[in-house]
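Working notes, structure below.
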Amino acid sequence: MKYAELANSGVLEQPVYEPGKPIESVAREFGLDPLKIAKLASNENPFGASPLGMAAAERAIRSIHLYPDGGCYDLREKIAEVRGVSPEAVLIGNGSNEIIELLGHAFLRPGDEVVMGAQAFIVYKLVAKLFGATPVEVPMPGFCHDVDAMLAAVTERTRLLFVASPNNPTGMANAESDLIRLAEQLPEHVIFCLDEAYAEYLEQAPDLRAAISAGRKVVCMRTFSKIYGLGGLRVGYAYGDPELIQLLQRVRQPFNVNSVAQAAATAALGDLKFLEKCRVENEAGRQFLCEGLTAMGFETHAGQANFVLSRVGNGKMIFEQLQQRGIIIRPLAPYGMPEYIRITIGTAAENAKLLAMLGELVESGVIADAR
Ligand SMILES: Cc1ncc(COP(=O)(O)O)c(C=O)c1O
């Protein structure tokens with residue numbers, strides 16, 4: 001008997017998440033100097049980690065012989081203060097990815113349905129499948145979540161509904177009024193999961209706390225992997241009704257978030273100077289990239305996060321060409337968008353290098369062939 005025959009139903013059809021290619025593997029493959037490679041593939045922070053977060057991580061490393069605080073007391077207190085909620089309303093996860101999975105553990109059974117956008121963050125689909133639930137993918141006109149279409153897709157079997165705003169990989173955000181309407185109009189048996197991974201890049205993040213207090217079934221998720229620059233430490237959080245949060249606490253591992261991550265995230269939350277610098281640089285980079293890409297004739301979507309979307313013809317071919325030249329971006333065929341690439345907004349030097357390399361590809365005719 002082979003192992004596959006012993007596997008749980010669904011495991012064999014479970015797609016594998018394809019992350020952005022690591023710098024080291026591109027360096028090995030193409031014989032490049034890793035220090036000269038620009039990774040604009042995973043929406044990380046090109047300016048590094050919050051300095052306050054890094055200093056706290058260095059201090060915390062002296063105690064790694066001890067288990068972490070399983071309840072993440074300090075971090076939950078700090079998040080509660082910043083978000084204006086009670087600590088009981090906060091759950092810390094090993095990245096917000098873990099929280100998406102915990103929602104599956106707590107609420108999904110085989111045969112349930114999970115409503116999501118057709119070009120939404122792919123992990124929603126993977127988690128639905130993992131628990132034997134059916135992903136119900138709703139078209140996204142203009143690459144934005146369509147609240148009315150999502151409401152219309154809800155059935156008796158729907159348990160979870162995901163919206164990322166801004167969405168990855170499309171970058172589009174929904175108006176706060178749309179999200180509140182969604183929270184108010186969903187039936188009682190559906191939990192609205194609002195993924196705010198890129199909320200810090202918005203001029204004003206939507207506020208669903210009133211809907212939560214009023215008893216609407218809403219859970220919001222945030223991450224330290226983006227603007228705080230702590231992707232390597234894996235830490236994210238959810239906030240919502242304490243009853244929902246307590247259910248999620250039951251299904252997590254006892255020590256799901258390590259001590260270095262907890263310390264770094266607690267300090268990074270208060271690093272307002274760093275956040276402001278990153279926001280300003282990100283806006284300048286967005287404008288620079290969008291102008292450059294548009295000037296080259298590419299349909300480009302600026303979005304409201306830390307990446308832009310561009311239609312280059314054959315996304316995979318452009319990805320491969322750029323990779324050979326030391327730039328890693330993300331081709332979007334796995335999202336059903338084979339003509340598009342997603343480019344994380346980098347430092348000014350990285351953005352300039354990207355445009356220069358693309359310019360070379362246009363001039364040499366490679367891009368024309370890819371169209
Ligand atoms: C919309 C969205 N949600 C969640 C995540 C997961 O982030 P984390 O690193 O916190 O697991 C990402 C990461 O790219 C994302 O784009």
Between ARG62 and ALA152, what is the label-point separation in nm under the 7 Å Cα-to-beta-carbon projection? 6.2
Quick one: grab Rg to one decimal and Dmax as a whole number for the chain, Cα atoms only, in Å. 20.7, 59
Report, in deg cm²/dmol and to the nearest 500, the calculated mean residue ellipticity at 222 nm for the chain, where each DSSP H run with n ≥ 4 adds -39500 (n - 2.57) and the sum is divided by the residue count. -12000 deg cm²/dmol
Given R₀ = 56 Å, FRET efficiency for ASP69-ALA368 by Cβ-Cβ distance, to 0.05? 0.45
So which of LYS129/LYS226; LYS226/LYS316; LYS217/LYS277; LYS217/LYS316 end up more than 28 Å apart, counting from Cα to Cα? LYS217/LYS277; LYS217/LYS316
Report the trypsin sites (Lys or Arg not before Pro) located in region 111-202 that are in a DSSP loop and have at most 16 other Cβ atoms inside 10 Å of their Cβ, or state none. ARG157
Kyte-Doolittle mean at least -1.0, axial Cα span of 27 Å or more - DSSP H helices of the chain: 272-295
For q = 0.10, 0.12, 0.13 Å⁻¹, Debye-computed log10 I/I(0) when each Cα of region 51-269 counts as one equal scatterer: -0.42, -0.60, -0.71
How big is the Cα convex hull of region 1-93 in projection, averaged over all directions, in nm²? 11.9
State the antiparallel share, in %, of DSSP beta bridges confined to the chain, rounding to the nearest 5. 50
Along the dipole axis of the chain (charges at Cβ: +1 for Lys and Arg, -1 for Asp and Glu; origin at the Cα centre), the most positive-end residue among VAL280, GLY270, ALA27 is ALA27
Theoretical FRET efficiency, 1/(1+(r/R0)^6), r = Cβ-Cβ of GLU283 and ALA175, R0 22 Å, to 0.05: 0.65
The chain: relative contact order from alpha carbon pairs under 8 Å, six or more residues apart, as a whole percent, is 22
What distance in nm separates the two pseudo spin-label positions at GLU276 and LEU202, each 7 Å out from Cα along the beta-carbon direction? 2.2
For region 51-269, build the charge dipole from Cβ charges (+1 Lys, Arg; -1 Asp, Glu) around the Cα centre, then report which of ILE227, ALA152, PRO139 sits farthest towards its positive end. ILE227
May I ask you to give the solvent-accessible area per residue for region 1-96, in square angstrom, as obtained with a 1.4 angstrom probe? 64
What dipole magnitude, in Debye to the nearest 20, does the chain give about its Cα centre under +1 on Lys/Arg Cβ and -1 on Asp/Glu Cβ? 680
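The values are calculated or read from the model by the stated rules, or taken from the named source; none is laboratory data. Since the model is a prediction, treat every value here as computed from it, not as a measurement. Because the Cβ atoms are built from the backbone with ideal geometry, glycine has one as well, and the counts that use them run over all protein chains shown. These accessible areas exclude ligands, DNA and RNA; they are computed on the full protein's heavy atoms, side chains included. Shrake-Rupley method; radii C 1.70, N 1.55, O 1.52, S 1.80 Å.
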